[in-house]
Amino acid sequence: MISKLSSAALYGIDGFLVDVETDISNGLPGFDIVGLPDAAVKESKERIRAAIKNTGLAMPSKRITVNLAPADIKKEGSHFDLPIALGILVSSKQLDIPDAEHTVFFGELSLSGDLRRVNGALPMAISAFQNGIKKVFLPKANEKEAAVVEGLEVYGADNLKEILQHFTGQNEIKSADVSIDELLSESDAFKYDFSDVKGQAFAKRALEIAAAGGHNVLIV
């Protein structure tokens, strides 16, 4: 059975939608991901296996092929874990996701099935909304960031099990309700900032870029 879910990715600082197509067929057990995935995406296979098993569901012992479309753009990051895992469960008839064509999923899975924060949630959420998406399921840690997009229903979860329970009707996840003013006011909690440093424009720019990209810094 073939399933098709939507996710998102980044191209520079802009987001774009990615179709996660999953096919499960008879044959020697295997798990292949195609569509120009990077190393982080390829490594998701082991995270997904463990997460599905430790959530109490069965990983199909069949031939699994996942295609990330469009296939001519490189896919980077671990946030494809969640849509791939859900695609496998849908294809193996362990889960049904209504209104999947208007829903986007992204999030990194731990081996236990917990959802970890990912980078780029806001531009991916903006891109999803601009492409007619109504709902986004993502890690709880990214919930506030994505919820600033007005008109988009954002559902944050701590683990894979919570998302499964939502779609099976056992425990519905409530959509996030975030005040943009409150989020902006949180930035005022810092006593000092770079405006207190006179000069040193080159050094301040280097530190800002490192902070924005999550890079290391060596100050000598």
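Within region 160-211, the set of residues being in a helix (DSSP H, G or I), modelled with pLDDT of 85 or more and more than 30 Å from K134 (Cβ to Cβ) comprises A201, F202, A203, K204, R205, A206, L207, E208, I209, A210, A211.
Can you find, within region 1-43, the residue that is farthest from G107 (Cα to Cα) among those that are of a type in the set (S, T, Y) and out of contact with any Leu (no Cβ under 7 Å at 6 or more places or on another chain)? I'd like the intermediate steps shown before the answer.
Narrowing region 1-43 to residues of a type in the set (S, T, Y): 3, 6-7, 11, 22, 25.
Okay, now just the ones that are also out of contact with any Leu (no Cβ under 7 Å at 6 or more places or on another chain), so 3, 7, 11, 22, 25.
Numbers: S3: 18, S7: 9, Y11: 17, T22: 17, S25: 26 Å.
For region 1-43, the residue satisfying everything is S25.
Just one of the listed residues (A157, A121, A147) is aliphatic (A, V, I, L, M), farther than 18 Å from L17 by Cβ and free of Cβ contacts under 8 Å to residues at least 40 places away in the same chain, and it is A147. Determine whether region 132-143 contains at least one residue that is over 16 Å from V104 (Cα atoms), surrounded by 15 or more Cβ atoms within 10 Å (Cβ to Cβ) and not β-branched (V, I, T). Yes, region 132-143 contains at least one residue that is over 16 Å from V104 (Cα atoms), surrounded by 15 or more Cβ atoms within 10 Å (Cβ to Cβ) and not β-branched (V, I, T). Residues considered: D158, D181. Of these, the only one that is in contact with a Lys or Arg (Cβ under 6 Å, 6 or more places away or on another chain), surrounded by fewer than 18 Cβ atoms within 10 Å (Cβ to Cβ) and of a type in the set (D, E) is D158. Here A125 passes the criteria (1) more than 11 Å from the chain's Cα centre (by Cα); (2) buried (at least 19 other Cβ atoms within 10 Å of the Cβ); (3) more than 27 Å from F31 (Cα to Cα) except the one numbered (1).
Going by what's in this entry, would K45 be described as farther than 16 Å from L138 by Cα and under 16 Å from the mean Cα position of the chain (by Cα)?
Details: farther than 16 Å from L138 by Cα: yes; under 16 Å from the mean Cα position of the chain (by Cα): yes.
Yes.
Note on region 92-109: residues that are open to solvent by 10 Å² or more (accessible area, probe 1.4 Å), on the phi < 0 side of the Ramachandran plot and assigned to a loop (DSSP other than H, G, I, E, B) amount to 6. Across region 111-159, the qualifying residues are those that are assigned to a helix (DSSP H, G or I) and touching a Ser or Thr at 6+ places or on another chain (Cβ under 9 Å), and the one among them that is nearest to S44 (Cα to Cα) is M124.
The values are calculated or read from the model by the stated rules, or taken from the named source; none is laboratory data. This is a predicted model, so every value here is computed, not measured. Here the Cβ is made from the backbone with ideal geometry for all residues, glycine too, and neighbour counts use every protein chain on show. The area values use the complete protein model at the heavy-atom level, side chains included, leaving out ligands, DNA and RNA. Shrake-Rupley method; radii C 1.70, N 1.55, O 1.52, S 1.80 Å.
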